[in-house]
1. Name the strands (runs of 3 or more DSSP E) wholly inside the range 2-76 in which the number of residues that are of a type in the set (A, V, I, L, M) is 3 or more.
2. Here are the criteria: (1) in the same structural domain as Asp75 (by TED's automatic domain parsing); (2) within 18 Å of Phe106 (Cα to Cα); (3) among the charged types (D, E, K, R). Tell me which single one Asp219 does not satisfy.
3. Can you name the helices (runs of 4 or more DSSP H) wholly within the range 190-283 that have at least 3 residues being closer than 20 Å to Trp173 by Cα?
4. Going by the conditions given, is Glu256 at pLDDT below 95, closer than 25 Å to Val30 by Cα and surrounded by 16 or more Cβ atoms within 10 Å (Cβ to Cβ)?
5. Keeping to the range 175-223, report how many residues are over 17 Å from the mean Cα position of the chain (by Cα) and of a type in the set (A, V, I, L, M).
6. Checking the structure you have, find out if any residue of the range 191-199 is without any contact (Cβ under 8 Å) to a residue 60 or more places away in the chain, buried (at least 18 other Cβ atoms within 10 Å of the Cβ) and among the small types (Gly, Ala, Ser).
Amino acid sequence: MKIALFGHPVAHSRSADLFRALGAAGGPAVDFQPVDVSPAEFAAAARRVASGELCGASVTIPHKLAAAALADELDPAARATGAVNALAPMAGGRLRGANTDARGFFDALLAERRAVERLAGAPARVAILGAGGAARAVAWALARQAFDVLVVARDAASVAAWPAQLSTRAVGWDDPALAARVAACPLVVQATPLGTWPDVTATPPLADDAFRPEQVVVDLVYNPWQTRFLERARAAGALGVNGWPMLVRQAAAAAELWLGPGTGERLVAAAGTVEDRDPADAP
């Protein structure tokens, strides 16, 4: 069974490790191949799924919005966010688009016991840094749980083009009150690719006084395990969570789409064999 990861770049990805672990644990054998695809090449790459050459494809930066536009059928999360991170073939050469990022993020957050405990009783406010497909998925997942969502974007006006189901407020990185606005949010989610290997020194332009000890700070980057952004948040006493739990949970939801019921649970179990745990994340 052949499944691809379409992105640009893809060298940092560890998704293939998860599916190798699933196969080693007795799950379906999957030939999972990361494929670096430029925006100009993406439509042709997606046709490899529609034709049945591939049994499915995972989609990452910068193709999630393009994937939604190409899909013939969208699941509810994909329709609500306008972003797709998993493609599957349908009869007649058609494409199904799914957004498993939203479910993956929320399932990962619920699985982090310390995060749940810290957020219990706190105001339901979140600051999401970034305005791409992952940010949309996180915004939708949390808005459905009655969170007040603040999006911090390079161009705050661009958030106005998000689908109507995403009821959010937006500010720019240059907002003079940005640090105070973020500090007022018990949950902060870093949803840009800044800090991803190999550019590990990059970090969002957020002042250190935006972090405080009561916060839960999630960085969706998982390679490296601890980004400069998480290091800064933890230095302020915040509980830091990296992007590995979300990667696992969104892959598990995608596995259910491609490989059938039960495979997601098995992938989550198998993920423990490939996880490189940072001592800072130990319970």
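1. In the range 2-76, 2-7 are the strands (runs of 3 or more DSSP E) which contain 3 or more residues that are of a type in the set (A, V, I, L, M).
2. Looking at each condition in turn, Asp219 falls short on (1).
3. By residue number, 228-235.
4. Working: at pLDDT below 95: no; closer than 25 Å to Val30 by Cα: yes; surrounded by 16 or more Cβ atoms within 10 Å (Cβ to Cβ): yes.
No; evaluated as a whole, the condition is false for this residue.
5. Number of matching residues: 12.
6. Among the residues of the range 191-199, at least one is without any contact (Cβ under 8 Å) to a residue 60 or more places away in the chain, buried (at least 18 other Cβ atoms within 10 Å of the Cβ) and among the small types (Gly, Ala, Ser), which makes the answer yes.
Yes or no, residue by residue, for (1) touching a Lys or Arg at 6+ places or on another chain (Cβ under 9 Å); (2) modelled with pLDDT of 95 or more; (3) among the aromatic types (Phe, Trp, Tyr):
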residue: Leu22; (1), (2), (3): yes, yes, no
residue: Phe32; (1), (2), (3): yes, yes, yes
residue: Pro39; (1), (2), (3): no, yes, no
residue: Ala44; (1), (2), (3): no, yes, no
residue: Ala50; (1), (2), (3): yes, yes, no
residue: Thr60; (1), (2), (3): no, yes, no
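Condition check ((1) in the same structural domain as Arg169 (by TED's automatic domain parsing); (2) within 13 Å of the chain's Cα centre (by Cα)) across all residues:
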{"position": "Leu54", "(1), (2)": "no, no"}
{"position": "Ala66", "(1), (2)": "no, no"}
{"position": "Thr81", "(1), (2)": "no, yes"}
{"position": "Val126", "(1), (2)": "yes, no"}
{"position": "Arg136", "(1), (2)": "yes, yes"}
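The values are calculated or read from the model by the stated rules, or taken from the named source; none is laboratory data. As the structure is a computational prediction, the values presented were derived from the model and not from experiment. Cβ: placed from backbone, ideal geometry, glycine included. Neighbour counts: every protein chain shown.
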